[in-house]
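What follows draws every value from the coordinates through simple rules; no lab data is involved. Every value quoted in this text rests on a predicted model; they were computed, and no experiment measured them. Quick reminder, even Gly has a Cβ in these numbers, built from the backbone with ideal geometry, and neighbours come from all protein chains shown.
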Amino acid sequence: MYRRGVKALLGDKFTVDFEAAGISDATRWPAEPHLVLVDDADGQDQPVCTALRRRFPAAKLVFLLRRSAPEQAIDIIRHGAHGVLGPQLSAEALVLSLRLVLLGQVLVPSFVMDLVHDTHAMAPPSLDELEATITPREAQILEMIVRGHSNKRIGLSLGLQETTVKFYVKNVMRKLKVTNRTQIAVWAMTHGCPPDPTASADPTLAAAKVRHLEVAH
């Protein structure tokens with residue numbers, strides 16, 4: 001029913017060549033589509049993104065969320081999607097959004113931008129200001145948070161107890177003037193700090209990366 005509703009919203013503005021009930025069906029489609037719309041993946045965002053990007057490398061990938069979930073939206077973009085659209089979109093907004101994606105834009109829903117505004121209202125530090133207060137270990141923890149690692153995974157990677165990792169995470173949040181990991185990701189996005197999949201586990205190098213990052217204009 002949900003897919004039928006989306007199809008009705010698209011009207012005659014887009015041609016729907018194929019519909020799939022799941023990722024296994026979707027990856028069987030023999031042709032390379034221009035655009036792939038994904039219904040809320042129920043927590044399977046990373047494997048769905050990975051499978052679709054591998055199968056259709058040239059296609060634009062857009063997720064349709066049924067609820068306002070900033071952390072999920074940021075995670076989906078991090079995993080390679082070209083856009084995330086929130087619930088309650090009008091037909092006009094949906095069509096315009098998809099056209100923008102096809103033109104090369106990356107779309108972030110309004111509820112994520114609201115979080116960006118809230119974060120800025122708390123006057124988070126600039127990169128230069130952060131450099132003056134952050135320790136090498138905290139810089140390393142920050143980088144791993146931006147890469148989407150959980151406290152448990154950070155602890156296993158660095159040989160730290162999870163309680164110790166939590167202590168460092170709280171310090172990072174305090175210095176960034178944020179209250180959760182989603183706001184850390186927003187701070188990183190708005191300050192030109194994308195996750196680096198080749199990042200070193202050396203805390204000295206992690207601190208050096210923080211010092212040399214430039215604010216995105």
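Points worth noting:
- Simple spin-label estimate for D25 and Q88 in nanometres, 7 Å along Cα-Cβ: 3.0 nm
- Pair R67, R174: separation of 7 Å Cα→Cβ label points (nm): 3.2 nm
- For L107, the amide hydrogen comes within under 5 Å of the amide hydrogens of G83, V84, counting only partners 5 or more places away or on other chains and with H modelled in the peptide plane.
- Within the stretch 2-109, DSSP assigns beta bridges of which about 0% are antiparallel (rounded to the nearest 5).
- In order along the stretch 65-81, the phi-based Karplus estimate (6.51 cos²θ - 1.76 cosθ + 1.60, θ = phi - 60°) of 3J(HN,Hα) comes to 8, 8, 9, 7, 10, x, 5, 5, 4, 5, 5, 5, 4, 4, 7, x, 6 Hz; Gly and Pro are listed as x.
- Residues whose amide H falls under 5 Å from that of K60, counting only those 5 or more places apart or on a different chain, are L35, V36, with hydrogens built in the peptide plane.
- The stretch between Q105 and T135, if pulled fully straight at 0.36 nm per residue, gains 7.2 nm over its current Cα-Cα span.
- Between the stretch 33-95 and the stretch 13-29, the alpha-carbon center distance in angstrom: 14 Å
- Per residue, the convex hull spanned by the Cα atoms of the stretch 39-108 measures out at 77 cubic angstrom.
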